[in-house]
Amino acid sequence: MEGNVQMSKVLVTGSSGLIGSESVLYFDSRGWEVHGVDNNMRAQFFGPDGDTTWNLRRVSSQAKNFTHHDLDMRDREGVLKLVEELRPDMVIHCAAQPSHDLAASIPFDDFDVNAVGTLNLLEAARRHVPETTFCFMSTNKVYGDAPNELDLKELDTRWDYADDNFRDGISESMRLDQSKHSLFGASKVAADVMVQEYGRYFGMKTACFRGGCLTGPAHSAAELHGFLAYLVKCVAEGRHYKIFGYKGKQVRDNIHSFDVCRAFEGFHENPRSGEVYNLGGGRGNSVSMLEAIERAEAATGRKLDYEYVDKNREGDHICYISDLSKLREHFPGWDITKTLDDIFSEIAEAAMGRASES
């Protein structure tokens with residue numbers, strides 16, 4: 001790839017966020033020309049905790065061939081014009097309103113950013129670069145709370161699946177409808193199905209990556225979004241933390257942003273039309289809230305000040321582990337490379353560094 005005379009070009013939306021910024025540096029390091037779109041809406045959504053200005057500065061200083069575009073995904077003409085000018089070989093769409101709690105108070109913003117913004121980008125790609133590979137960062141929240149209908153067993157520190165058929169986790173066959181999603185989940189379903197449709201109807205190379213718990217040290221985490229990074233931030237800075245329901249035994253499978261980028265690369269090299277993949281850390285990187293607190297305390301050398309709130313978040317999963325079988329089958333060169341220990345240690349190091357600076 002690096003030996004090509006013509007440099008490959010990738011457009012990354014949400015480029016100052018967790019997955020977006022990792023994508024910028026990942027493809028930049030592989031000799032790509034990288035263009036990022038981000039207007040720091042995360043600060044508007046989550047306040048100072050969500051501000052991604054620091055991450056844009058970091059990425060701009062580290063990347064060799066990166067151009068930043070301050071553009072709102074709801075600006076249809078702006079999106080159409082940018083894609084027409086750039087004509088990227090690959091699109092990685094990460095820009096989103098990402099909180100299922102926050103969506104209820106800003107339903108128009110949530111749907112316009114998540115669903116309409118995705119449509120703007122898809123149509124821009126269809127008109128100007130129909131052969132481009134289109135990777136959409138979807139979410140496991142498209143399944144709503146249907147995973148909560150599975151039989152579960154309660155262990156000392158976590159919930160787990162009682163049925164051995166789900167030992168490897170939840171596959172892409174899990175139903176999307178007739179469940180409670182949160183408005184965020186519903187807007188992401190709309191985007192997810194539209195990405196599939198542009199693949200199936202127009203023959204474009206599109207894929208939805210239904211993320212489990214996406215994480216890493218570059219997360220501008222806030223209480224309403226960014227589970228692991230926010231938890232570690234609270235331990236590092238001595239903040240008060242709240243556990244919402246399920247006895248603190250709710251389980252998430254955590255995947256490092258680096259391994260997410262490797263999945264995008266795998267799809268670009270072997271694209272299909274209208275595909276869906278569950279993308280998380282799998283059972284090996286699964287952790288409950290109680291287990292995560294213990295790990296965060298060990299990684300930082302500090303104790304967490306927390307309380308338990310009996311009411312769980314609406315539509316929240318009790319136990320969610322991504323079945324990675326399909327992803328591994330389609331992309332044999334891909335697998336998890338960052339363990340849970342790696343993830344906690346990297347996030348803790350970054351959080352402690354930021355805590356000492358403030």
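Taken together, the values in this text are just the output of simple stated rules run on the coordinates, not laboratory data. None of the values given here were measured: they were computed from a predicted structure. Note that each Cβ is placed from the backbone with ideal geometry, even for glycine, and that neighbours are counted across all protein chains shown.
Need one word for region 78-192: rounded, prolate or oblate. Basis is the Cα gyration tensor (sqrt eigenvalues a ≥ b ≥ c); a/c below 1.5 gives rounded, then a/b vs b/c decides.
Values: a/c = 3.17, a/b = 1.95, b/c = 1.63.
In terms of gyration-tensor shape, prolate.
Nearest 20 debye, what's the magnitude of the dipole of the chain about its Cα centre given +1 on Lys and Arg Cβ and -1 on Asp and Glu Cβ?
Working: 40 positive and 56 negative charges, 54 e Å.
That gives a dipole near 260 debye.
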Query raised in the report: Zone of Asp163 (label point 7 Å along Cα→Cβ, backbone N under 18 Å): which residues in region 125-155?
Result: 143-154
**Report entry** Across Lys180/Lys311; Lys153/Lys242; Lys153/Lys249; Lys180/Lys338; Lys180/Lys326, pairs whose alpha-carbon gap is larger than 20 Å
**Finding:** Lys153/Lys242; Lys180/Lys338; Lys180/Lys326
Report summary line: With a ≥ b ≥ c from the Cα gyration tensor eigenvalues, square-rooted, and the rule rounded for a/c under 1.5, otherwise prolate when a/b > b/c and oblate otherwise, region 1-90 is oblate
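Restricting to bridges with both residues inside region 9-357, how much of the DSSP beta-bridge set is antiparallel, in percent to the nearest 5? If you can, show how the numbers build up before the last one.
On the way: 7 of 46 bridges.
Counting DSSP beta bridges with both partners in region 9-357, the antiparallel share is about 15 percent.
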Report summary line: So, with points 7 Å from each Cα along the Cβ direction, the Glu149-Lys311 label distance in nm works out to 2.6
Report summary line: Subtracting the Cα-Cα distance of Leu290 and Arg57 from 0.36 nm times their residue separation yields 80.4 nm
**Report entry** R0 of 56 Å, Cβ-Cβ distance Arg354-Gln178: FRET efficiency to nearest 0.05
**Finding:** 0.85
Requested in this report: Compute the relative contact order of the chain as a whole-number percentage, counting only Cα pairs closer than 8 Å that sit 6 or more residues apart in sequence.
Outcome: 18
Query - Helical contribution to [θ] at 222 nm, DSSP H n ≥ 4, -39,500 (n - 2.57), averaged over the chain, rounded to 500 - result: -11500 deg cm²/dmol
Query raised in the report: How big is the gap, in Å, between the Cα center of region 18-68 and the Cα center of region 242-272?
Result: 19
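How would you rank 197-208, 47-58, highest first, on the average number of other Cβ atoms within 10 Å across their residues? Intermediate values should be presented prior to the final figure.
Numbers: 197-208: 20.3, 47-58: 16.4.
Averaged packing, sorted descending, gives the order 197-208, 47-58.
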Query raised in the report: For the chain, modelled as a GNM with alpha-carbon contacts under 10 angstrom, which of Phe45, Phe244, Phe258 fluctuates the most?
Result: Phe244
Query - Reach of Lys64 by Cα under 13 Å, taken over aspartates and glutamates that are not fewer than 8 positions away in the same chain - result: Asp28, Glu33
Query raised in the report: Highest mean first, what order results for 107-114, 228-235 on Cβ atoms within 10 Å?
Result: 228-235, 107-114
